[in-house]
Amino acid sequence: MNEQIRAREVRLVGPEGEQVGIVPLERALQLAADVDLDLVEVAPMARPPVCKLMDFGKFKYESALKAREARRNQQQTVIKEMKLRPKIDPHDYETKKGHVVRFLKAGDKVKVTIMFRGREQSRPELGYRLLRRLESEISELGYVEAAPKQDGRNMIMVLAPHRATKAAATAARSGAPREREAGAAEAPPAEAAGPAGATGE
């Protein structure tokens, strides 16, 4: 940037992206000074190197904002796993379905595994029927990303949250710290309250 540039001449780009052309470095530096901007080398490997007139401080600030926004919007994919038996007890099924619902509401994917044992392996339709039942009961929150598939003694299905479900989970996570901060700001200081049991005279 500016005096750190070592090339004798540069291909100059104006602040609005307009092509100025190839000019001596001294001329480019003078033009930058005239408009109170920085001369920034944006393509050092080009011949001659490409430089642009810009407010470098503002550029860095805006780049940092964009990077922060990208990190905030980046969705981390988490896959939870829930294991069921083909002849699962109704109460156990409801409990495990509750866990699946909670995972989906949190914006996570869920790998549902049906574990077959012994003679159960000859009845894959039991596992398939159970997975289809689960799919229909959580359809408001998620959808089947990977259809039921036999894998050795197991049958596997992957559920993913709907876009709206995931967005709600992201909003809830980003809003939670602000709510805690607001609650802390509204809470009265400890010394404002009198000792327990104290009465005014």
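Considering 199, 165, the condition of being at pLDDT below 90, β-branched (Val, Ile, Thr) and under 26 Å from residue 69 (Cα atoms) is satisfied by 165 alone.
Restricted to region 145-162, and to residues there that are within 16 Å of residue 79 (Cα to Cα) and out of contact with any Leu (no Cβ under 6 Å at 6 or more places or on another chain), the residue that is surrounded by the most Cβ atoms within 10 Å (Cβ to Cβ) is 159. Every condition in (1) loosely packed, with under 14 Cβ neighbours inside 10 Å; (2) not in a loop (DSSP other than H, G, I, E, B) holds for residue 110 except the one numbered (1). Per the conditions (1) surrounded by fewer than 16 Cβ atoms within 10 Å (Cβ to Cβ); (2) touching a residue at least 12 places away in the same chain (Cβ under 8 Å), the sole criterion not satisfied by residue 34 is (2).
When residue 94 is tested against (1) charged (D, E, K, R); (2) surrounded by 11 or more Cβ atoms within 10 Å (Cβ to Cβ); (3) not in a helix (DSSP H, G or I), just one condition goes unmet, and that condition is (3).
Any residue in region 54-64 that is closer than 30 Å to residue 19 by Cβ, without any contact (Cβ under 8 Å) to a residue 60 or more places away in the chain and in a strand (DSSP E or B)?
Scanning region 54-64 turns up at least one residue that is closer than 30 Å to residue 19 by Cβ, without any contact (Cβ under 8 Å) to a residue 60 or more places away in the chain and in a strand (DSSP E or B).
Considering only residues in region 1-32 that are under 17 Å from residue 59 (Cα atoms) and among the small types (Gly, Ala, Ser), the one that is nearest to the chain's Cα centre (by Cα) turns out to be 17.
The values are calculated or read from the model by the stated rules, or taken from the named source; none is laboratory data. Predicted model only: the values in this text are computed from it and were never measured. Quick reminder, even Gly has a Cβ in these numbers, built from the backbone with ideal geometry, and neighbours come from all protein chains shown.
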